[in-house]
1. Among (1) of a type in the set (Val, Ile, Thr); (2) farther than 26 Å from B:VAL196 by Cβ; (3) in a strand (DSSP E or B); (4) more than 14 Å from every other protein chain (Cβ to nearest Cβ), where does A:ILE4 come up short?
2. Scan the range B:195-215 and give yes if some residue there is closer than 17 Å to B:ALA149 by Cα and either assigned by TED's automatic domain parsing to the domain that holds B:PRO267 or charged (D, E, K, R) (or both), otherwise no.
3. Just name the residue that is modelled with the lowest pLDDT out of those in the range B:293-315 that are buried (at least 22 other Cβ atoms within 10 Å of the Cβ) and either outside the structural domain of B:PHE283 (by TED's automatic domain parsing) or within 22 Å of B:ALA107 (Cα to Cα) (or both).
4. Give me the helices (runs of 4 or more DSSP H) completely within the range B:19-95, filtered to those with at least 1 residues that are outside the structural domain of B:THR424 (by TED's automatic domain parsing) and closer than 21 Å to B:HIS403 by Cα, ordered by residue number.
5. Give the residue, chosen from B:MET275, B:MET322, B:MET339, that is more than 20 Å from B:ILE100 (Cα to Cα) and either crowded, with 23+ Cβ neighbours inside 10 Å or over 22 Å from the mean Cα position of the chain (by Cα) (or both).
6. Give the residue, chosen from B:LYS356, B:LYS368, that is surrounded by fewer than 16 Cβ atoms within 10 Å (Cβ to Cβ), touching a Pro at 6+ places or on another chain (Cβ under 8 Å) and over 19 Å from B:ASN97 (Cβ atoms).
7. Out of the range A:7-42, which residues are more than 30 Å from B:ASN471 (Cβ to Cβ), aliphatic (A, V, I, L, M) and either without any contact (Cβ under 8 Å) to a residue 40 or more places away in the chain or outside any strand (DSSP E or B) (or both)?
Amino acid sequence: MSKILDELLYSESHEWVKVDGNIAIIGVSDFAQEEMGDITYVDAPAEGDTVAKGEDFGALESVKASSELYSPVSGNVVAVNEELEDKPELINEDPYGAWIIKVEMSDKSELDTLLSAAAYAEIAQ
Amino acid sequence: MRYYDKLIFELSHPGRTGYSLPSVQQYPFFAEKCSSGVAVDAAVPANLLRKSKLELPEVSEVDVVRHYTNLSQMNFGVDTGFYPLGSCTMKYNPKINEEIANHPAFAGLHPLQPAETVKGAQAVIDGLDAALAAITGMKHFTFLPCAGAHGELTGLMLMREYHMARNDSARVKVIVPDSAHGTNPASAAVCGLQIVEVKSGADGLVDVEALKPLLGPDVAGIMMTNPNTLGLFERQIGEIARLVHECGGLLYYDGANMNPLLGKVRPGDMGFDIMHLNLHKTFSTPHGGGGPGSGPVGVGERVLPYLRIPQTSGFHGNFGVMLRAYAYILMLGKQNVKMAGPLATLSANYIKESLKDCYKLPIPTVCKHEFVFDGLINDGAREGKTGATTLDVAKRLLDYGFHAPTIYFPLLFHQALMIEPTETESLETLDEFIAVMKKIAAEAAEDPDILHGAPHNAPIGRPDETAAARNPILKA
């Protein structure tokens, strides 16, 4: 059984969101990293890029497959976790610690469409 | 299989030779020069003289023969054993194809020879064009593309050309089913088109209702494989073709899975306008390991005016592969070509039905040339034991002398194990494979660690794919 943290919001495409004021911190769930297997490369956007809810903002590559990352919210990328460039395995080791991007949200109401931990647990199995 | 990884240089021993070459002074040029007292070195222009020592391995003939024979035995191919690699159509390649492709009258041709001296080669191209047109229901083929993905790009450029010539430049979207081969969206992207995914239904087929809202004046076309990646025939293809044509788009057929339809069903009759064939798969040429391939593109009535190929060019893609394909078609003949598809389909269904009690079968309907299992039914997981995965099953198959099936593709299933036996295997070989697959399932149920440690008998265990991908060493 994969780990799901109660205090986070989730998307159906297995990204998690931690809300910090107007900033959304985005990563992928424990379920996603388990399904992907050993992650070998993180393709992330650059600081200053814009992302749109539901559209891809990068991709994860593992020995099994390449998988798109879909943004759970819209806004501007204000930070990118550069540590993942050399250490993509951090996502496997600690999926909820290894955030991928931080986004300054342009429409906070988009958060209402995301899943709670309980609702996400229904689909992540 | 004996492990062997020596370099020929490791066998080298100073002064050892297999053959003694005659002195250069026996050759008229040197005989003449050197008779007047000129040293051999001085007889050769300075710019043609080697400055450094020639580093060649010094070995006897038997060393050379054993070295390369041992290396060749480290390999596995269709000539060594059963190769059920799903989506790859690793059928047996008759040796007559090789003989014909290696015939000096063909192998010695130069692409820049005058056209009137290559009438034979031109006749082969024309004959193959006519045969493929008859088999697929297309009007004509171009043989320039050197592989499947090259064919896809060529086909999509033709699609774009068709729309542009009609001043219909708003068509920038290509619809691709979620079960498509990865090259389809990649080719569309390289061609500068946008990719729109259409979902499959629970039956594994393109959902016509999900397709309808995607169609419109911005759609250039749809790319499909039929049977699709799950080995299922897209039964709604007639309706899909009608809808796509109605909105002004074209249909592209990825010939990767043409094998089961060979001589039975024609993409042209299904409504496809452009297609490519993988000659190296369907028409039996040794492939894998990067080639050589051949991906001729065929077009129907609509697109024919845009296929402008100089028919007298000496550069017609991989001509050797075309020769093999033509030899294969002529050897089978009209009647027997029709048997390839049904036999490939029968083999796949036989394995599927024989193993469905041990392996999860997500889509239980009749398949075509290939099908997908979703891992073991009983993976042996219990207190203190991790279950065996599809990777473990694949590795264990190597111990029993079979090539592993395609694994973790298509992505629709998490433990995908994709098996394509082809029509060239005997019932005995299929039965042997089935027995081994059952044995592996029983081993997993009893102790999954047997599988986790596999392969136990192969010369190389499990290479660390993760480390190789994370820290690739690309230069010596």
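The values are calculated or read from the model by the stated rules, or taken from the named source; none is laboratory data. All values reported here derive from a predicted model rather than from experimental measurement. Glycine gets a Cβ as well: all are built from the backbone with ideal geometry, and neighbour counts include every protein chain shown.
1. Of everything listed in (1) of a type in the set (Val, Ile, Thr); (2) farther than 26 Å from B:VAL196 by Cβ; (3) in a strand (DSSP E or B); (4) more than 14 Å from every other protein chain (Cβ to nearest Cβ), A:ILE4 misses just condition (3).
2. Scanning the range B:195-215 turns up at least one residue that is closer than 17 Å to B:ALA149 by Cα and either assigned by TED's automatic domain parsing to the domain that holds B:PRO267 or charged (D, E, K, R) (or both).
3. B:GLY293
4. B:61-72
5. Result: B:MET275 is the single residue among B:MET275, B:MET322, B:MET339 that is more than 20 Å from B:ILE100 (Cα to Cα) and either crowded, with 23+ Cβ neighbours inside 10 Å or over 22 Å from the mean Cα position of the chain (by Cα) (or both).
6. Numbers: B:LYS368 fails: surrounded by fewer than 16 Cβ atoms within 10 Å (Cβ to Cβ).
Among B:LYS356, B:LYS368, only B:LYS356 is surrounded by fewer than 16 Cβ atoms within 10 Å (Cβ to Cβ), touching a Pro at 6+ places or on another chain (Cβ under 8 Å) and over 19 Å from B:ASN97 (Cβ atoms).
7. If the condition is that a residue be more than 30 Å from B:ASN471 (Cβ to Cβ), aliphatic (A, V, I, L, M) and either without any contact (Cβ under 8 Å) to a residue 40 or more places away in the chain or outside any strand (DSSP E or B) (or both), then A:LEU8 is the only one that fits.
Residue by residue, here is whether (1) basic (Lys, Arg); (2) over 30 Å from B:SER284 (Cβ atoms); (3) more than 24 Å from the chain's Cα centre (by Cα) holds:
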{"residue": "B:CYS191", "(1), (2), (3)": "no, no, no"}
{"residue": "B:LYS199", "(1), (2), (3)": "yes, yes, yes"}
{"residue": "B:LEU215", "(1), (2), (3)": "no, yes, yes"}
{"residue": "B:ASN226", "(1), (2), (3)": "no, no, no"}
{"residue": "B:PHE233", "(1), (2), (3)": "no, no, no"}
{"residue": "B:HIS245", "(1), (2), (3)": "no, yes, yes"}
{"residue": "B:LEU250", "(1), (2), (3)": "no, no, yes"}
